[in-house]
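Student: My questions all concern the structure below.
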Amino acid sequence: MIDDKAYSLSNVELLSDLSSGELAELASEFQWENYALGSEIIKQGQEEHAFYILIKGKADIMIRKEGHRMRRVRSLSPGDTFGEFSLLNGMAAASTILCLEECQVLALDSEGFARMLLRWPKLYQTFIGRLTQNLNEANLTLSEANYKEILRSALQLNQYKDKFYGLWGGARTTAEVERKLEELAQPKGHLLLTGERGTGRQMMAWYVHQRQSGTEAPFVVVDGRRFDQQWKDLIMEPASQEESSVVYNSNLFDIAEGGTLFIREINLISPHTQLKLAQSINSQRNKCFIIGGLDSEPDDLERIIIPELRKCFAHTYEITPLRKRKRDIPILAQGFLEKLAQKNQRNVPVLNQEATQLLLSHHYQQGNVSELIQVIERAFYIAEQDVIGLEQIFFGPTAEQNGHTINLLASPTLKGLLKKGELISWIRRVAAALFIGLVLLLLFNPQVAVSTKVFALVWGLWWPALALISPFLGRLWCTVCPFSTIMEFVQKRVHMNRAIPEFVIKYDYILVSFLFLTIFWVEVITDMRFNPSYTAVLLISIQVCAIIIAVLYPRHTWCKHFCPLGGFIGTASVGSMLEVRADPSVCLNKCTTFECYVGTENVPGCPMSQHLPFLDNNLDCKLCFNCVRNCPNGSVQVNLRLVGREVWHLVRVNQGFAVFIGVMLGILVPLYYLASFQRIEVSTSWKVWFSLFYWGAGLTGGMLAWMIVKPFKTKAASLRVKLIFAFTPLVLAGHIMYQAAYIPGISSLFLGIGYNAQSGLQSFYIPATALANGIAITFGLVLTGITIALVLLRTKEKRVARSDKLVR
């Protein structure tokens, strides 16, 4: 049934800009209604309103004049809409809709109509355009005053005055703005407001309007980008009385009479229409105060606005961009939080020092104060405590789709499985049960573990498999990780939910690197690969640490900030062919509840504290698919992509993990050249020398990576960061080669090649270990070389594009 509605809506010109997914979502709001020949869909004067789309049949718009005489205004055919006038002004229906034959309509009640406008703001302007295009009909059906109120209501949908927080910044900035508002309270001419996008031009216009006319007077907002299409012919006084019945009622200055007309981006009006507007302003006899807004420097006004229109504005005020008054940022941010807390009846959260420093370091070139408002509102709604830290601050451009991908959720079967989540839940339970059984077997019956080859498989296949699978399928192991499952089981029952220490968030890459070095070192020193009891102790120790962190801190803090295995898999996953991403346009325009982050009643939010429209790498994505289950807007995608492509598009990656890559590379030297002697002779002196060489190599590799990369100098990943991550395939190849030597039976396996020669059958035998090492190092070198080349090529293209832009 919904498919039928969506198909019908797709044929409506009014909704032609909506995608098929958006039409399907909108279709659920509409209801089918059928009307017989001669029946009235709407009766003139009725108080209950709805929005209708005629799908089948024909109808007439009728109005009742003096007495009982009905007059036909025009006919309606399939695809036409009606009822929006009454919804916009809240008054009784001004006409009757009479069925000329059997009619079928899609009806949307007033609440659904409001939701539609809120969910798809672009429909606002469409309705405004429809209102202005149907002026003749409006003049026939409505009085002059009534029509002006309708158009006023439609235009005032765009003022968003509830979004105005009324905050300007610190004492100095506030005093400056207040002085200007007092100066403009009794103006001697109209006003031009200049400033970059998002600096608060519309808020300033609103408060100027309040000082001059009060909140009850009309505050009408029109957009210069559509001015020529919508208002070009509706700004002049009638040339004669004969024309007044058609044009006068719709004069733009009459609509704003007694109040303020705010024209956004006035510079985008065509020069011809600018001239016409200037003439109208000069002849409109001060019916309203006019404010023009534009994204430009005051010195550029003479170039982008014709002189005749420029002379109409006696006052000019430039709003300073936020990056030039950063002292105001902490005051604005905390002020926004106080007003949000008051509105939502919550405790006022505070920004910690690290979050404040992050806000101060941003340049806000995307949207100035509006961008800061979005950042703070998002942080307020996703914060689970009264302290807002680094993990709640998301800003900058959203993630971009780079290159072609295949969305696996296009398969209804797979989408259904992930939406339900039962399959993954059962796999996790089975994995946890097998893990517990393995630990018990290693502790209490190690002989059986060794004789059945279970113990050998743990070290010989599981660990090498992680290094092999992660570069292709991402953090798939984390999806079913038993450490995580058991940790989460305990956390649901016992948790303190403390704030994560800032040093953990800031220096997690050091913690992960240290723990990774420690586990590898303990493994070699204790000869753990051949000792079931030691292996059990290691697994139990990791599990206990994970449980302690889970009890103390929220979500999967262990997995994101501590787990050495997660760090290894996450780094390997950066270039994998599997990714979870979202459509940012859907998230930013439709989502107001942030379910991907905060979760729902039945499914928790992202365990790694990721907000999906800003996720652009796999380092911190566990592939838990909670976001797939939680997203109500169908924004989430599970994509297949080209292996390694993510590296040359890195933006928000944790740059500190370049140090982790350096550590992984550094320890390969002692693992190859010293660990091999362990099988020959294990002595105290060997352990000492190995330890010194091992820790020295690991720390040296990490420090060299730090010195080369200089992470966190820029918010986006620099070229050096990308180049270090480009070496990930080579580093993984080295670890695969090391682990391959411990695969059960591989040392006894040879691959032979034979051929007949004159001297008889000739054969060559290649050790399987050598073949595996050759394949690994070849793939590592090739993938690293390709990735480095593409990183450099991509960087060069960006620089060329930036240079071309500056030239223009």
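Student: Based on the alpha-carbon gyration tensor of segment 513-596 and its eigenvalue square roots a ≥ b ≥ c, which shape applies: rounded if a/c is under 1.5, prolate if not and a/b is larger than b/c, or oblate?
Tutor: Prolate.
Student: Exceeding 21 Å between C-alpha atoms, which entries from my cross-link table qualify? They are Lys5/Lys419; Lys326/Lys710; Lys5/Lys56; Lys560/Lys687.
Tutor: Listed pairs above 21 Å: Lys5/Lys419; Lys326/Lys710; Lys560/Lys687.
Student: Tell me the Kirkwood radius of segment 393-504: reciprocal of the mean inverse pair distance over distinct alpha-carbon atoms, in Å.
Tutor: So the Kirkwood estimate lands at 18.1 Å.
Student: Using θ = phi - 60° and the Karplus form 6.51 cos²θ - 1.76 cosθ + 1.60, what ³J(HN,Hα) does each residue of segment 587-592 get, whole Hz, x for Gly and Pro?
Tutor: Values per residue, Gly and Pro as x: 4, 6, 9, 10, 7, 10 Hz.
Student: Mind computing the radius of gyration and Dmax over the alpha-carbon atoms of the chain? Å is fine for both.
Tutor: My reading of the Cα-based Rg and Dmax gives 33.7, 120 Å.
Student: May I ask you to evaluate 6.51 cos²θ - 1.76 cosθ + 1.60, the Karplus curve with θ = phi - 60°, for each residue of segment 608-614 and list the ³J(HN,Hα) values in order in whole Hz, giving x for glycine and proline?
Tutor: After applying 6.51 cos²θ - 1.76 cosθ + 1.60, I find 9, 6, 9, 9, 4, x, 9 Hz.
Student: Enter the Cα centre distance for the pair segment 471-501 and segment 609-663, rounded to the nearest angstrom.
Tutor: 17
Student: Give the peptides 337-348, 726-737 in descending order of average Cβ contacts within 10 Å, highest first.
Tutor: Per-residue Cβ counts within 10 Å, averaged per peptide and sorted highest first, yield 726-737, 337-348.
Student: Tell me what the chain gives for mean residue ellipticity at 222 nm when only DSSP H runs of n ≥ 4 count, each as -39,500 (n - 2.57), the sum divided by the residue total, rounded to 500 deg cm²/dmol.
Tutor: Helix-only estimate at 222 nm: -15500 deg cm²/dmol.
Student: Go from 0 up to the bin containing the longest alpha carbon distance in segment 326-392, width 10 Å each, and give me the % of pairs per bin.
Tutor: Bins of 10 Å from zero give 21, 60, 18, 0 percent of pairs.
Student: Something else now. Hey, quick one: spin label on Ser691, modelled 7 Å out along Cα-Cβ, who in segment 526-543 has an amide N within reach, i.e. under 14 Å?
Tutor: Output list for this probe position: 526-527.
Student: Let me ask something else. Measure nothing but the geometry: give the 0 to 90° angle between the long axis through the Cα atoms of 684-709 and the longest principal axis through the Cα atoms of the chain, rounded to 10°.
Tutor: That helix lies at roughly 20 degrees to the long axis.
Student: Net charge around Gly460, counting only other residues with Cβ within less than 11 Å of its Cβ (Lys, Arg = +1; Asp, Glu = -1)?
Tutor: Surrounding charge for Gly460 is +2.
Student: I want to check the label-to-label distance for Ala171 and Cys545. Put each point 7 Å from Cα in the C-beta direction and report it in nm to one decimal.
Tutor: My value for the distance between the label points is 5.1 nm.
Student: Excluding residues fewer than 8 places away in the same chain, name every one of the aspartates and glutamates whose C-alpha is closer than 19 Å to that of Lys415.
Tutor: In chain and number order, the partners are Asp3, Glu22, Glu25, Glu579, Asp583, Glu595.
Student: Counting DSSP beta bridges in the chain, what percent are antiparallel, to the nearest 5?
Tutor: Restricted to the chain, the bridges split so that about 65 percent are antiparallel.
Student: Report ³J(HN,Hα) in whole Hz for each residue of segment 718-730, in order, from the Karplus equation J = 6.51 cos²θ - 1.76 cosθ + 1.60 where θ = phi - 60°; Gly and Pro get x.
Tutor: Using θ = phi - 60°, the values come out as 7, 4, 5, 4, 4, 5, 5, 5, 5, 7, 4, x, 5 Hz.
Student: Something else: How long is the gain from Asp527 to Lys796 if the chain were fully straight, where each residue apart is worth 0.36 nm and the alpha carbon distance is subtracted?
Tutor: Extending this stretch completely gives an extra 92.0 nm.
Student: Further, regarding this structure: Whose amide H sits under 5 Å from the amide H of Thr600, counting only residues 5 or more places off or on another chain, with H placed in the peptide plane?
Tutor: Placed amide hydrogens put Gly605 under 5 Å from Thr600.
Student: Quick one: length gained pulling Leu511 to Ser747 fully straight, 0.36 nm per residue minus the C-alpha distance?
Tutor: Residue separation times 0.36 nm, minus the Cα-Cα distance, leaves 81.4 nm.
Student: Follow-up question, since we're still on this one. Local charge sum around Leu100 (other residues, Cβ-Cβ under 15 Å, Lys/Arg +1, Asp/Glu -1)?
Tutor: -1
Student: A further question follows. Roughly how many whole Å is it from the C-alpha centroid of segment 164-179 to that of segment 543-607?
Tutor: Centre-to-centre (Cα) distance: 39 Å.
Student: Something else: As an exercise, find the ratio Rg/Rh for segment 700-740 from alpha-carbon atoms, using the Kirkwood inverse-distance average for Rh.
Tutor: Result: Rg/Rh = 1.08.
Every number here is computed from the coordinates shown, using simple stated rules; none is lab data. What you see is a predicted model, and the numbers here were worked out from it, not measured in a lab. Note that we place each Cβ from the backbone using ideal geometry, even for glycine, and neighbour counts take in every protein chain shown.
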